[in-house]
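Okay, so here's the structure we're looking at.
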Amino acid sequence: MAALGLLGAALVGCGTGAADTPAPKAKATVAESASPRASAAAPGPKPARVPAAPPTMAPGPGGLTPVYTRRAKGTAKVVALTFDADMTADQGPRAARGEHFDNPELIATLRRLKVDATVFMTGRWAEEYPDQARSIGGDPRFEIANHSYSHYAFASPCYGLPTVAGPDMASDVQRAFDAFRDAGAVNVVPYFRFPGGCYDDAALRALAPAGVTAVQWDVVSGDAFAKDADAVAEQVLDGVKPGSLVVMHCTRSAAPVTERAIRRIVPELRARGYRFVKVSELMSAR
């Protein structure tokens, strides 16, 4: 199994994977030009521009799901902040008793600070908070990526998480995409983050039919179960370099100081010349 990063007191939903280079983006399909006779006529209205598909990576050897960790090319000062919206399939009773697996204040702060970000969401989270999933997935500042439906592990052992059976892995991921669609989320990208960051070649092979690019990170924020927002901020500020991908959490009960840490991280990185981008832009050639 690929080695997990050192997480300290990490929330199940954090780990590391191997870096890779994104495959070149395919050119958008353009309608063929009209005949010479038609071309000579007065030009009509311009066709609607087809939005570019999010960049993905080519499959690895033997068709394994590719894994992306950070942008290796170029020296541009860009950084992607990512937030795992964790909720396991069996945590409904805890939510019913008042535990908050969401963090609307964090999302509001990202909007106020004009920070682009990617939220890796579980399908169970989208079902519990459909209005928030729709709002996040309808805001062009954000994109929703897949963190599985159940938040069960795709390799074992993995922080005590239950394990998804190999034959069920691709369908678990598809079930999450279905939950995003049912919630009305629009900005959904074909990226996947392994619960706990745990994976091996068997998981990469089982996930191949889902057609996703697995996205890990190179900077662990340490926000999981943290009590000190400044300590979280320091860990991020010390770790970020051009092209970094930071893992944080969008879960009040398990990452209660993330929003406060963001209020320090964002202005300090901007003062250093960094620009915040979504994973889809980090992976692009721009």
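The values are calculated or read from the model by the stated rules, or taken from the named source; none is laboratory data. Not measured: the values here are computed from a predicted model. For neighbour counting, all protein chains shown are included, and Cβ atoms are generated from backbone atoms with ideal geometry for every residue, glycine included. Ligands, DNA and RNA are excluded from the accessible area calculation, which covers all protein heavy atoms including side chains. Shrake-Rupley method; radii C 1.70, N 1.55, O 1.52, S 1.80 Å.
Points to keep in mind about this one:
- For Met87, the conditions (1) more than 30 Å from Val232 (Cβ to Cβ); (2) at pLDDT 95 or above all hold with the exception of (1).
One line per residue, one yes/no per condition, for (1) in a strand (DSSP E or B); (2) over 21 Å from Val164 (Cβ atoms); (3) open to solvent by 50 Å² or more (accessible area, probe 1.4 Å):
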{"site": "Ala202", "(1), (2), (3)": "no, no, yes"}
{"site": "Ala226", "(1), (2), (3)": "no, yes, no"}
{"site": "Glu234", "(1), (2), (3)": "no, yes, yes"}
{"site": "Leu237", "(1), (2), (3)": "no, yes, no"}
{"site": "Val246", "(1), (2), (3)": "yes, yes, no"}
{"site": "Arg252", "(1), (2), (3)": "no, yes, yes"}
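- Residue pairs meeting the criteria (Cβ under 9 Å; at least 6 apart or on separate chains; first under 14 Å from Asp230 (Cα atoms), in segment 259-279; second polar (S, T, N, Q) and in a loop (DSSP other than H, G, I, E, B)): Glu259/Asn103; Ala261/Ser221; Ile265/Ser221
- Meets criteria (outside any loop (DSSP other than H, G, I, E, B), farther than 22 Å from Glu143 by Cα and modelled with pLDDT of 90 or more) for Arg37: no
- Checked against the criterion of being at pLDDT 95 or above and under 18 Å from the mean Cα position of the chain (by Cα), segment 228-235 has no qualifying residue.
- Here Tyr191 meets the list (1) out of contact with any Phe, Trp or Tyr (no Cβ under 8 Å at 6 or more places or on another chain); (2) under 23 Å from Pro59 (Cα atoms); (3) aromatic (Phe, Trp, Tyr) almost entirely, failing just condition (1).
- Odd one out for Arg111 among (1) touching a residue at least 40 places away in the same chain (Cβ under 8 Å); (2) assigned to a helix (DSSP H, G or I); (3) under 24 Å from Leu282 (Cβ atoms): (1)
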